[in-house]
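Working notes for the structure below.
The values are calculated or read from the model by the stated rules, or taken from the named source; none is laboratory data. All values derive from a computational prediction rather than experimental measurement. Quick reminder, even Gly has a Cβ in these numbers, built from the backbone with ideal geometry, and neighbours come from all protein chains shown.
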Amino acid sequence: MFDSLFGKDIYWYGVQAISLLESGELHSPDRSPIFHIVALVFRFLGTTDESLFVFQLLTVIWLLFCLYFARFIQKSSHESWNLLPSVMVFVLGFLYPKQAWAVGFLLLTYGLFLSDRYKWKHSKWLIVAVLLLLTTWFHAMVGILGLGLWCLYKIPRKFDLLIFLILIILPFLVPKDDNDRFVIDGATFPIFAAYGMMGLGILWDWCILIFGKNVMERQLPIRRSLAFVGMALVLPIFHFADIQFRILISFLLVAEIFSNFNSKQILITFVSFGLWVFVLVQSPNLFRYPYEVMWLPGEKAATVSNNGLLVAHHGFCEYYHFQFRKDCMSWEPDEKAISELPKGTRVYRLVYGIRMENLRASKENGNPIFSTIEPMGEYQLVLEYEWQSYRKWLEAKNSKLLSIAKSWKNPYRKRPGFIQRKQKYGI
């Protein structure tokens, strides 16, 4: 089971933790203490796939504790509190651990902030502030979301239409820049993007976020604020897969603090779990990469003597670096990456989704484009500069293979500036 880990970034946590253990520094700078938690798990259990799975379980346990405690302090002493878990606990815990730990602190922040169970006001505000700082420390975006939700909560709901209109206009005012973290992307409508990423389960939970009202009367103001956020996220404000989706799943779990425990909520929760499990069984590739087929090509690529840097798709790079301690990047090599190559080494690429026969058939002026092609399971190892020539050849022919050559399977974009500023290759 441990060569089938869930999460498309999970091995990156291992790469960062190994760097901490071996050098005392992160492979790529990051203020979040989450990698120190992974390193602690590695210190006790070893640097293995099993240890990464244990870390994911710890993350789920952390989120469950935060969810239940936040619900508990929201209820008056005579009210029953909701013991049902949320599917978002498992989605966040396994797929986005760094974000999950931050959302856990955010749950505690809002659970205490909106609770009237305790009367110690001054101490309460101090603890709320500390919890929000911890949220931001673990994941800056989640901390900003927590502060933003508080601001939205304080704005009278009569201004919702004005805010919504501003959000509609925003994508037309902000220049599109693929080299930035917060890129505006109106190419894909968020609802279709969400369905493509996670199936029916996320659409069901999204609808409940917007239209659900199964809360106590005193909790309606914050619940309406969350519903407004859910409605606003229908708009193509940011690149959905990178930013907007993460915002959505964070608020889906925050909204769970305020759910009533009754037959209606039981039905909502069971439908949610049923839809997510259905998607998981039907399309497991949405939640993980096929890591089990990566060992053979990774092992072979690692033994190439002059392989100074490997270029491969996202997911493979983290797995390769974790298992074989070799450098890899899931972007087209830029000047910074090439300048950092060890002397006497070259840049190689693992081509995915294009058969060796197609690569061999490519010729320019009667000569083969590739001087060497090493078959490695579902991948083909070639020299990077020859791959660049091959891609130009495909463009000139307007080949059907161009859509594969310029896709996530075969990275073709340069690193964004915020990643390039990190240490080394910033895989």
So Ala129, is it at pLDDT below 95 and exposed (fewer than 13 other Cβ atoms within 10 Å of the Cβ):
yes
Search the range 31-53 for residues that are within 21 Å of Tyr319 (Cβ to Cβ) and pair each with any residue that is of a type in the set (Phe, Trp, Tyr) and at pLDDT below 95 when their beta-carbon atoms are under 7 Å apart and the residues are at least 6 apart or on different chains.
Asp49/Phe2; Glu50/Phe2; Phe53/Phe2
Are any of the residues in the range 274-296 in contact with a strand residue (DSSP E or B) (Cβ under 6 Å, 6 or more places away or on another chain) and buried (at least 16 other Cβ atoms within 10 Å of the Cβ)?
no
One residue is enough: does the range 248-265 have a residue meeting the conditions in contact with a helix residue (DSSP H, G or I) (Cβ under 8 Å, 6 or more places away or on another chain), assigned to a helix (DSSP H, G or I) and surrounded by fewer than 20 Cβ atoms within 10 Å (Cβ to Cβ)?
no
Can you name the residue in the range 359-391 that is among the basic types (Lys, Arg) and either touching a strand residue (DSSP E or B) at 6+ places or on another chain (Cβ under 9 Å) or surrounded by 16 or more Cβ atoms within 10 Å (Cβ to Cβ) (or both) and is also farthest from Pro297 (Cα to Cα) among such residues?
Arg391
Looking at Ser23, Ser4, which is the one that is farther than 21 Å from Ala102 by Cβ, surrounded by fewer than 18 Cβ atoms within 10 Å (Cβ to Cβ) and without any contact (Cβ under 8 Å) to a residue 24 or more places away in the chain?
Ser23
Looking at the range 3-22 only, could you name the residues that are part of a loop (DSSP other than H, G, I, E, B), of a type outside the set (A, V, I, L, M) and either within 22 Å of Met88 (Cα to Cα) or under 15 Å from the mean Cα position of the chain (by Cα) (or both)?
Ser4, Phe6, Gly7, Lys8, Asp9
Quick one: which helices (runs of 4 or more DSSP H) lie wholly within the range 23-127 and hold at least 3 residues that are under 17 Å from the mean Cα position of the chain (by Cα) and within 20 Å of Ser250 (Cβ to Cβ)?
49-74, 87-95, 97-113
Of the residues in the range 361-400, how many are outside any strand (DSSP E or B) and within 31 Å of the chain's Cα centre (by Cα)?
8
